[in-house]
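Trainee: The structure follows.
The values are calculated or read from the model by the stated rules, or taken from the named source; none is laboratory data. The model shown is predicted, which means the values in this text are computed figures rather than measured ones. Using ideal geometry, Cβ is built from the backbone for each residue, glycine included, and neighbour counts are taken over all protein chains shown.
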Amino acid sequence: MKVEVSDCMSGLVEGKNALVLGVASERSIAWAIARRLAQEGANLALTYQNERLEKNVRPLAESLPGTLLLPCDVSDDVQVANLAQELQTRWGKLDILVHSVAFAKKEELSGRYVDTSREGFRIAMDVSVFSLVALCKSLEPLMGEGSSVLTLTYLGSERVVPNYNVMGVAKAALEASVRYLASDLGPKGIRVNAISAGPINTLAARAIAGFTTMLQRVREVAPLRRNTEAEEVADAALFLLSDLARGVTGEVLYVDSGYHVMGMV
Ligand code: NAD
Ligand code: 0WE
């Protein structure tokens, strides 16, 4: 019998316990990562932000047998603590943490950055940045040698992308947090990295005016002349979350068709 390579499990994350936050729909980057991890034999726990999104996420979770489904609004300390408690009870240890969560008020994602409100700044930083710190702190007791943490970022952290505004500043802080967390958790053998993804048509992106034009522009000028697919991000995520990347921490890996290397577009 012929065995296709694609039918074989790599064993890269086989038997590892993986928590993935940020699935909102089947287009979510977090969902592509979760599917890939499940495919390679990881045990999964997914979270949902609220009851409205639970309706979307439950059928996705149920399509991957054995997947735990837990609530977690990352802006609520109690929910973060309960999540850690629940995973302690169910699994006792955690090998993989995927943070694929970001939020800014819609009105902050248009117009001038200089007009950002104090409350808009606070919310974007709390949900998109501090949440990673809070999760790492709560879950650190469950993690150990060989554990790996991954978050998602975007080029707007280091270049000005019109309308990305306070989210760009939040992503800059997120990337800096990856370095500080890598330094804090490294001595325990816990790695912390980010993937900087090119624009992908998800729920979070669809709400943005002019997003289709951005996708088009990337297809025209990125070295690979195409858009980024969530599955490409998931493949890179599998690497960073596996022991193949055992020597990599504090890093931001671009999965963006090479767009970020261009100096004049
Ligand atoms: P998405 O809308 O599918 O995912 C965003 C997630 O954030 C949702 O699941 C939402 O429930 C969650 N979230 C927001 N506030 C939350 C809260 N208070 N508590 C818990 N969860 C909360 O969109 P996506 O594009 O898959 O976004 C995932 C990550 O990827 C984000 O960090 C985003 O910044 C990043 N990213 C996206 C793109 C893109 O173009 N889509 C590019 C680069 C990076
Ligand atoms: O990180 C993101 C999007 C994050 C996001 C999206 C929304 C839309 C709905 C955060 N908060 C909200 N709040 C909402 O109410 N991306 C990388 C995708 C994205 O968003 C942009 C982009 C790109 C790319 C916004 C403006 C310009 C470019």
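Trainee: Would you confirm, using the coordinates I've provided, whether LEU70 is free of Cβ contacts under 8 Å to residues at least 60 places away in the same chain, within 14 Å of ligand 1 (Cβ to nearest atom) and farther than 26 Å from LEU142 by Cα?
Mentor: No, not satisfied.
Trainee: Take the residues in the stretch 196-231 that are β-branched (Val, Ile, Thr) and more than 8 Å from ligand 1 (Cβ to nearest atom); name whichever of them is surrounded by the fewest Cβ atoms within 10 Å (Cβ to Cβ).
Mentor: THR213
Trainee: Residues in the stretch 115-147 that are more than 16 Å from ligand 2 (Cβ to nearest atom) and without any contact (Cβ under 8 Å) to a residue 12 or more places away in the chain: how many?
Mentor: 2
Yes or no, residue by residue, for (1) aromatic (Phe, Trp, Tyr); (2) more than 16 Å from ligand 2 (Cβ to nearest atom); (3) crowded, with 23+ Cβ neighbours inside 10 Å; (4) over 22 Å from CYS136 (Cα atoms):
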residue	(1), (2), (3), (4)
VAL20	no, yes, yes, no
ARG52	no, no, no, yes
LEU60	no, yes, no, yes
LYS93	no, yes, no, no
ARG112	no, no, no, yes
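Trainee: For SER183, which of the numbered conditions (1) under 24 Å from LYS106 (Cα atoms); (2) away from ligand 1 (no atom under 14 Å from the Cβ) fails to hold?
Mentor: Failed condition: (1).
Trainee: Has the stretch 198-215 got any residue that is under 20 Å from LEU19 (Cα atoms) and within 14 Å of the chain's Cα centre (by Cα)?
Mentor: There is no residue in the stretch 198-215 that is under 20 Å from LEU19 (Cα atoms) and within 14 Å of the chain's Cα centre (by Cα).
Trainee: Does the stretch 221-235 contain at least one residue that is in contact with a Cys (Cβ under 7 Å, 6 or more places away or on another chain), at pLDDT 95 or above and not in a strand (DSSP E or B)?
Mentor: Scanning the stretch 221-235 turns up no residue that is in contact with a Cys (Cβ under 7 Å, 6 or more places away or on another chain), at pLDDT 95 or above and not in a strand (DSSP E or B).
Trainee: I'd like the residue in the stretch 122-145 that is loosely packed, with under 15 Cβ neighbours inside 10 Å and part of a loop (DSSP other than H, G, I, E, B) and, out of all such residues, is farthest from ligand 1 (Cβ to nearest atom).
Mentor: For the stretch 122-145, the residue satisfying everything is GLU145.
Trainee: Which number in (1) crowded, with 21+ Cβ neighbours inside 10 Å; (2) touching a strand residue (DSSP E or B) at 6+ places or on another chain (Cβ under 9 Å); (3) among the hydroxyl-bearing types (Ser, Thr, Tyr); (4) closer than 22 Å to SER242 by Cβ marks the one condition that THR67 misses?
Mentor: Result: THR67 passes all but (1).
Trainee: Within the stretch 22-121, which strands (runs of 3 or more DSSP E) (wholly inside it) include 3 or more residues that are under 23 Å from GLU175 (Cα atoms) and within 19 Å of the chain's Cα centre (by Cα)?
Mentor: 96-99
Trainee: Hey, could you check the stretch 77-107 for residues that are polar (S, T, N, Q) and in contact (Cβ under 8 Å) with a residue 24 or more places away in the chain and say which is nearest to GLY120 (Cα to Cα)?
Mentor: Result: SER100.
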